[in-house]
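Below is one structure, written out as structure tokens; the observations come after it.
The values are calculated or read from the model by the stated rules, or taken from the named source; none is laboratory data. Small disclaimer: the values here were computed from a predicted structure and weren't measured. Here the Cβ is made from the backbone with ideal geometry for all residues, glycine too, and neighbour counts use every protein chain on show.
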Amino acid sequence: MSDESEQRIRDHVRLAKGLLKTAVIDSQSSEFDERNALSRAYYAMFHASCAWLAAKFGVLGKLRHGDLLDEMHRRRGKEFGDFLRDVRGMREAADYREDWTPRRLVSEDRLRKTKTQVLVLCQETAVELHRRELHDRR
């Protein structure tokens, strides 16, 4: 893997973790805070998925959202793919549907699950980068 490719992967991980930090709501959060948190959570998942695909399978380059969803479904299975599609659907509703009203318990559940999955993907990406680094030293 080239240094440039590795840096792109690390940049995706950095974005995923940074966006995840902004994807929070609490009892005082407004509708717009909740909408924003759902949107940021999806993009955290998007960048974590890009990093994971690049590190594990060499899938580099810009992926459109639908292509990324298909690739993650194929590589991580139906359950993960369905979850990612659900998170994307919530992001689209939060960003584009003026008639959509977030439901706090659903939002909290999705944010919690998304956070877990983003951190898992980032950890697996870090392990893969470390494994490649050790392999390259040989």
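Tabulated values for the structure
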| read-out | value |
| --- | --- |
| Answer residue from region 1-45, given it is aliphatic (A, V, I, L, M) and not in a helix (DSSP H, G or I) and is nearest to L105 (Cα to Cα) among those | I25 |
| Flag for V59 being touching an Asp or Glu at 6+ places or on another chain (Cβ under 8 Å), without any contact (Cβ under 8 Å) to a residue 60 or more places away in the chain and either of a type in the set (V, I, T) or not in a loop (DSSP other than H, G, I, E, B) (or both) | yes |
| In region 33-74, the residues that are surrounded by 19 or more Cβ atoms within 10 Å (Cβ to Cβ) and among the polar types (S, T, N, Q) | S39, S49 |
| Residue identified as closer than 17 Å to C122 by Cα and among the β-branched types (V, I, T) among V24, V13 | V13 |
| Region 1-16, subset over 21 Å from L69 (Cβ atoms) and touching a residue at least 24 places away in the same chain (Cβ under 8 Å), residue surrounded by the fewest Cβ atoms within 10 Å (Cβ to Cβ) | S5 |
| From G66, G18, G61, G81, residue being at positive phi and not polar (S, T, N, Q) | G61 |
| Positions within region 88-138 being in contact with a His (Cβ under 9 Å, 6 or more places away or on another chain) and either at pLDDT below 95 or more than 19 Å from Q7 (Cβ to Cβ) (or both), in sequence order | R88, V118 |
| Pairs with Cβ under 8 Å, 6+ apart, first in region 70-96 and under 15 Å from A41 (Cβ atoms), second surrounded by 18 or more Cβ atoms within 10 Å (Cβ to Cβ) and of a type in the set (D, E, K, R) | D86/R110; V87/R110; M90/R110; A94/E34; A94/R35; D95/R35 |
| Candidate set: region 17-48, residues that are without any contact (Cβ under 8 Å) to a residue 24 or more places away in the chain and of a type in the set (S, T, Y); chosen: the one nearest to D136 (Cα to Cα) | T22 |
| Test set (1) in a helix (DSSP H, G or I); (2) exposed (fewer than 12 other Cβ atoms within 10 Å of the Cβ); (3) of a type in the set (V, I, T) - T101 fails condition number | (1) |
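Residue-wise test of (1) within 25 Å of N36 (Cβ to Cβ); (2) of a type outside the set (V, I, T).
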residue: G66; (1), (2): yes, yes
residue: R97; (1), (2): yes, yes
residue: T116; (1), (2): yes, no
residue: E124; (1), (2): no, yes
